[in-house]
1. Out of THR255, SER113, GLY172, whose Cα points farthest toward the positive end of the dipole of the chain (charges: +1 Lys, Arg; -1 Asp, Glu; placed on Cβ)?
2. What translational diffusion coefficient, to the nearest whole µm²/s, does region 103-146 have by Stokes-Einstein, given a Kirkwood radius computed over alpha-carbon pairs, a temperature of 4 °C and 1.567 mPa s viscosity?
3. To the nearest 20 debye, what charge dipole does region 234-304 have about its Cα centre, counting +1 at the Cβ of each Lys and Arg and -1 at the Cβ of each Asp and Glu?
4. Cut-off 10 angstrom, C-alpha nodes, Gaussian network model of the chain. Which of PHE154, PHE209, PHE103 fluctuates the most?
5. How big is the chain by Rg and Dmax over its Cα atoms, in Å?
6. Tell me which residues come under 5 Å, amide H to amide H, from TRP193 once H is placed; ignore anything under 5 positions away on its chain.
7. How compact is region 111-231 by the rule of thumb for globular proteins, expressed as Cα Rg over 2.2 N^0.38 Å?
8. Going by how many other Cβ atoms sit within 10 Å of their own, how do MET98, MET271 line up, fewest first?
Amino acid sequence: MADPTPTNPSPISVAEAPKSPQATGDLAISHFGRIAPIYDATSGGASRELARYLVDLIDKPISQTSIVLDNAAGTGQVTQEFLRWVRKYDPVTGKSPMPQTMFVVDGSDGMISTAKIQTREVMTELNLDRDYITKVNFRILKGEDLHEFKKNTFWYSFTNAGLLFFGDPVKGATEIFRTLKPGLSTIAVITTWKRLSYIDIINEAQWFFDNTLPQFKIPIADEWFTREKLFTTMVAGGLLNVEVHSTTVHYAFETHRELVDGLINLLPKLMESLDSDSKHIFRNALSWVVQKYEKIIERDGKRLVGLEMEAWVGTGRKFKAS
């Protein structure tokens with residue numbers, strides 16, 4: 001069954017772009033809070049696919065004394081994928097050791113509310129007992145100020161596609177380093193986007209439809225699409241042995257039509273400005289462009305139609321207590 005059509009899940013508009021770093025962070029928190037209930041439906045599964053990849057990066061098996069941070073967690077996708085991994089890891093018992101505690105943290109109360117609902121739904125789906133439920137905790141905290149946590153706390157620290165929206169990304173990286181536990185098996189994992197293919201696809205469709213239209217943009221500085229920006233920010237925060245690589249995920253839906261619908265939903269202001277005939281013409285142009293780039297993929301045993309996306313994945317360590 002297709003996801004419900006979002007009412008207005010558009011990215012933060014260029015016109016809304018704030019003047020100060022702090023305002024940038026606050027605007028992002030406000031925006032993501034508004035779209036929290038429909039965030040997963042609008043992301044085409046790309047951020048969840050990335051979350052699953054991140055969980056696979058850490059050394060196994062994990063310790064029962066470990067503490068996990070899902071930072072700038074959004075709807076809690078990293079935590080939910082961590083729980084799925086825990087449940088299926090041991091083929092004999094059906095589960096692996098659960099961390100001592102998992103913290104799901106985001107600056108948006110809307111995102112945390114949604115994360116609570118979705119995480120509990122996953123726990124029910126996986127038939128996890130009360131012992132698991134009590135180990136997952138939720139906090140409303142900005143990533144630049146993790147003041148509730150002592151230094152040297154987390155064995156595994158994940159910040160999935162969040163750091164680039166912080167008002168002060170270096171301060172955010174510093175907090176990640178401060179709260180990371182030192183050790184050879186502990187790790188901080190931070191991601192940003194390398195390529196959001198739907199941007200070029202929408203712009204190509206716009207050009208065919210009306211080449212005088214302003215290009216579709218999202219309010220992310222171009223430098224954040226580079227490896228160097230993530231690397232230097234992590235190093236500036238104090239993280240050691242920093243490595244950055246790329247991985248491919250997919251913005252995908254069950255059908256071509258739903259994929260096009262997903263892209264249309266990123267353009268509420270444009271669509272509102274068009275009459276019904278123009279909307280039909282633009283949709284046809286977008287559909288034609290999408291067909292050139294779409295791929296058939298499999299996810300969770302389902303056949304989906306999707307577009308390739310690329311993410312930067314940074315890993316960092318801490319070897320001495322700070």
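1. GLY172
2. Values: Rh = 11.1 Å.
Answer from the Stokes-Einstein relation: 117 µm²/s.
3. Working: 9 positive and 10 negative charges, 28 e Å.
So the dipole magnitude of region 234-304 works out to roughly 140 debye.
4. PHE209
5. For the chain, the Cα-based Rg and Dmax read 19.9, 64 Å.
6. Residues meeting the criterion, in which the H sits 1.01 Å from N, are TRP312.
7. Details: Rg = 19.2 Å, N = 121, 2.2 N^0.38 = 13.6 Å.
Dividing the Cα Rg of region 111-231 by 2.2 N^0.38 Å gives 1.41.
8. On the way: MET98 20, MET271 15.
In order of increasing Cβ crowding within 10 Å: MET271, MET98.
FYI, it's all coordinate maths here, none of it is from the lab. Just so it is clear, the model here is predicted, and its values are computed rather than measured. Because the Cβ atoms are built from the backbone with ideal geometry, glycine has one as well, and the counts that use them run over all protein chains shown.
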